[in-house]
Each structure stands twice: as structure tokens, then as C-alpha cells.
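The values are calculated or read from the model by the stated rules, or taken from the named source; none is laboratory data. All values reported here derive from a predicted model rather than from experimental measurement. Cβ atoms come from the backbone with ideal geometry, glycine included; neighbour counts cover every protein chain shown. Please note that ligands, DNA and RNA were not included when accessible areas were found on the heavy atoms of the full protein model with its side chains. Shrake-Rupley method; radii C 1.70, N 1.55, O 1.52, S 1.80 Å.
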Amino acid sequence: MIMSATKKTSVVSGLYKLPINQRREIVKEFANLTADEAQSFATPLDLTTADRMIENVLSTFELPLGIAVNFLINGKDYMIPMATEESSVVAAASNAAKIARMKGGFTTSCTAPLMIGQIQLLHISDVVSAAQEILRHKQQLLALANAQDKILISLGGGARDLEVRILPSPHGDMLVTHLIVDVRDAMGANAVNTMCEALAPMLEEITQGKVRLKILSNLADKRLVKATAVFDKEKMGGEHVVDAFLESYTLASLDPYRAATHNKGIMNGIDAVIIATGNDFRAIEAGAHAYAARDGTYTSLTAYHKDKDGNLVGEIELPLAVGVVGGAANMHPKAKLCRRILGITTAQELAEVVASLGLAQNFAAVFALSTVGIQKGHMSLHAKNIAVMAGAQGDDIDTLADHLVRDGRVKLDYAKELYERLKKKKPT
Ligand code: MEV
């Protein structure tokens, strides 16, 4: 049964029971898509575009694209497109968002979109004096960097600062210059790499050293996003469930073995929307995990505590170098469609949605693990998929899936047989 109607809400229940065309209609209406835009749902990436994106193209590679519903972020409703091969992920995120919205949804904040470019200098006899010289020439260096990208400057971005680090190494002391660039709505790699390459000759002249690497850092720790949400204790099953959740979470906060799995669950959501919007999921993964180890020990990207009423408060903080201009985001028609569904126009808004989804995904996983375990949820979703494959439609999907789980036989041949029997029993 669909609850979305005149008011623009992302709350939809029973979406999975509808045929794909009806789901598309609901999303089309929610996002005010034109008929042409909605047509992209049915249009695969064409080979000519693919051939322009990478080398030696043979074909394209498909992933399921689902929609997570119920998200309320900073008072605005979002439906979040997710490209993933993993079952339960979309349903879990939607369910977590439903619980979060009972207490106002997600609240987010983020820093300016500052990326770091690194320029490595070697073979310098006095690194301390060389570092001082670099800083003395800061304004000239920043001006040279800014001369590389007039468009970025016209959009209000540009090189903002320089920092210098000295790193002892087997090759002698290295000077690593960090160029800090406000990349506005881009992911930033192109702009930053161009600037770093342009600064290299001047840095060599200033320091009499030799530049080796000049490249963006994926540890984008000046481009941080935070999202928080309160999860209602009653909806979770009572305060004892909140306590069980906190016990589970604590292991991730203490132990890298658990933290890796805990953070993987976060990335289940984050990667899915990153891929759907044509962003670089390797960059996001690298940044997230490096940030999780920033204090020397790998730990959880989320933190949880109980509020004074016993509800669960969750928070996530991570670097998110996402763009809404440039790269695959502009070439891939489905990435464009997904951005339209999200209704976002800035990289910061996209980052805030991504962080909220990461928190939702993590809450859903740890909630399931602290209570029923994840297999039960997986099994019931799997059973629904099998029921659909067996031909069930509408309410029959749930009925058949329940039978399959109850009988402990979630198999297609059994589902077909059972569905035939159920149909015969139904009054006509
Ligand atoms: C599985 O893809 C993700 C989980 O392992 C995450 C977690 O353990 O928190 C369920």
C-alpha cells in the first residue's frame, strides 16, 4: 500500500510488492521527472559512451538499481538510488530511515569541500629552511595554482592554503607540500592534480630540491561530513535492545577485526549511492578507511550513545569527496537520472545524503546483529524474491514467502509448487 500522494514525502510502504513499472512511476512523481528523464530507467549505457569512458571496451556491466525510501534529512525528504548486488541492503536502509524519521530524521553538517594535493620534494640538504622558504612564497604559489583553473575560481573555489610537512625517510628527509583547494561541486582530482603539477617547477626552484610525486590525497580529512539521528527505543523493542545495540557497537569501537566488518556495513550503503551517482567509490573507500585509522588504530566510523530518555543516538563522520560535476557523473545517463531523483545540485548536499545513508545502513546492520541476527532478514527477503520468481504478485508475495520461511524450504521449485496449491485454495 502506497502512502505517498499529494505531499512530497519519501515514505512508501510495500514498494517491493509493486511491479517495477509502478515503482518507477512513484519515483518519477516524487522527483518530478520528465517523461524523457524517466525513460533513462529503461535505457542501458550505450556502447559509444562506454567506449569514450574507458579503454578496450567490450560491453557494459549491469548492477541492480534500487531505491531506498523514507529518508528525512535536514527536514527534506529524499529517495536514495542505490546500485548494489547485495540483497537486503536497500530494504535495511529504508527501514532504518523509517525508524530515524520518527525522531526527526537525520541532521547533517559538513566542512567546505577542501581537497589536499601532495607534492613530494627530495634531495634537499636543509629541509627546515626549505620549508620556511616555501611558506614565504605561499602567496605566489597559491596565485600560480589559481591561474590553472579560471572556471573553479569563477565558481568561488580555488587554492586556499599551503602546508609543509617534513618526513624522515630512507631517501633522506622529504618535504611534502600540501596544497589545499576548495573544489566546490567537483570531486576535485583533476583540478588538484593540474595545480600540483603546475607548482612543481616553482617548488624545485624555491627549495633546490627534486619533485617526485604530485597527486591528490584520498585522505580528504578537510572535507568531512557528519550525520546524526535518534532511533526510538520503543520502535527498537525497548531500552534493553538499545543496551544490546551499544554492547555490539562497543566491540567495533575497540577492535579492528570487528571495526572492519562494521565499516563494511556502512560502505554497503555508501558505495551503492556513490556508484549510482557516477562517483568514484574507490576514492571514497580509501578515504573512509584511512580516516578510520587516523589515530593509529583502525576503528568504527560511527559512534552511538543513549540519550536521557533511553533512545539510541547515532553519529557518523567521514571524508566524502563526491562531485556533481565532471567525470562519469556527467557522462552516464543513469548517474544523471539518479542525481535528479535525489534532487541535489551541490556536492555538499550529496555528501550529506551519502553520510546519512551510511549511518542508516550501519544502524540497520548492528540492530539486526544485536537482535535476530542478519540471516533471518536475509532469508525473509530471499523468500520474497523467490516468491516473485515463482509468479506471485501483490499480497500473494508475502503469503507465499511466509510459507516458504515457515517450512524452511526457500527454494524456487518448492515455491512454484506451493504457489499452485495456494492459488487453487483461493476463493475466485
Ligand atoms: C554484510 O554485508 C555487512 C555486515 O556484516 C555489517 C556488520 O556486520 O555490521 C552485516
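Given the stretch 312-383, what helices (runs of 4 or more DSSP H) lie entirely inside it while holding 2 or more residues that are closer than 23 Å to Glu247 by Cα and in contact with a strand residue (DSSP E or B) (Cβ under 7 Å, 6 or more places away or on another chain)?
347-370
Restricting to the stretch 265-284, and then to whatever is open to solvent by less than 10 Å² (accessible area, probe 1.4 Å) and β-branched (Val, Ile, Thr), can you tell me which residue is nearest to the ligand (Cβ to nearest atom)?
Checking each candidate, the answer is Ile266.
Matching residues to (1) of a type in the set (D, E, K, R); (2) on the phi < 0 side of the Ramachandran plot; (3) open to solvent by less than 30 Å² (accessible area, probe 1.4 Å):
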| position | (1), (2), (3) |
| --- | --- |
| Thr345 | no, yes, no |
| Val353 | no, yes, yes |
| Val372 | no, yes, no |
| Met379 | no, yes, no |
| Ile386 | no, yes, yes |
| Ala392 | no, yes, yes |
| Arg409 | yes, yes, no |
| Asp413 | yes, yes, no |
| Leu418 | no, yes, yes |
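Filter the stretch 285-303 down to the residues that are of a type in the set (Gly, Ala, Ser) and under 13 Å from the mean Cα position of the chain (by Cα), then identify the one that is nearest to the ligand (Cβ to nearest atom).
The residue in question is Ala288.
Cβ-Cβ distance below 9 Å, separation of 6 or more or different chains: which pairs start in the stretch 338-367 with a residue that is without any contact (Cβ under 8 Å) to a residue 12 or more places away in the chain and end on one that is of a type in the set (Gly, Ala, Ser) and away from the ligand (no atom under 16 Å from the Cβ)?
Glu349/Gly343
State yes or no: is Thr399 open to solvent by 40 Å² or more (accessible area, probe 1.4 Å), hydroxyl-bearing (Ser, Thr, Tyr) and within 16 Å of the ligand (Cβ to nearest atom)?
In short, no.
Are any residues in the stretch 54-89 over 19 Å from Gly343 (Cα atoms), in contact (Cβ under 8 Å) with a residue 60 or more places away in the chain and of a type outside the set (D, E, K, R), and if so, which ones?
Within the stretch 54-89, Leu63, Thr84, Ser87, Ser88, Val89 meet the criteria.
Return a yes/no flag: does the stretch 303-324 have any residue that is modelled with pLDDT of 95 or more, under 15 Å from Thr108 (Cβ atoms), surrounded by fewer than 18 Cβ atoms within 10 Å (Cβ to Cβ) and in contact with a Phe, Trp or Tyr (Cβ under 7 Å, 6 or more places away or on another chain).
There is at least one residue in the stretch 303-324 that is modelled with pLDDT of 95 or more, under 15 Å from Thr108 (Cβ atoms), surrounded by fewer than 18 Cβ atoms within 10 Å (Cβ to Cβ) and in contact with a Phe, Trp or Tyr (Cβ under 7 Å, 6 or more places away or on another chain).
Could we say that Ala97 is in a helix (DSSP H, G or I) and either within 16 Å of the ligand (Cβ to nearest atom) or at pLDDT below 95 (or both) here?
So Ala97 does not fit the description; no.
Identify all residues within the stretch 220-264 that are more than 16 Å from the ligand (Cβ to nearest atom) and farther than 26 Å from Met102 by Cα; write none if there are none.
Ala220, Asp221, Lys222, Arg223, Leu224 - these are the residues of the stretch 220-264 that are more than 16 Å from the ligand (Cβ to nearest atom) and farther than 26 Å from Met102 by Cα.
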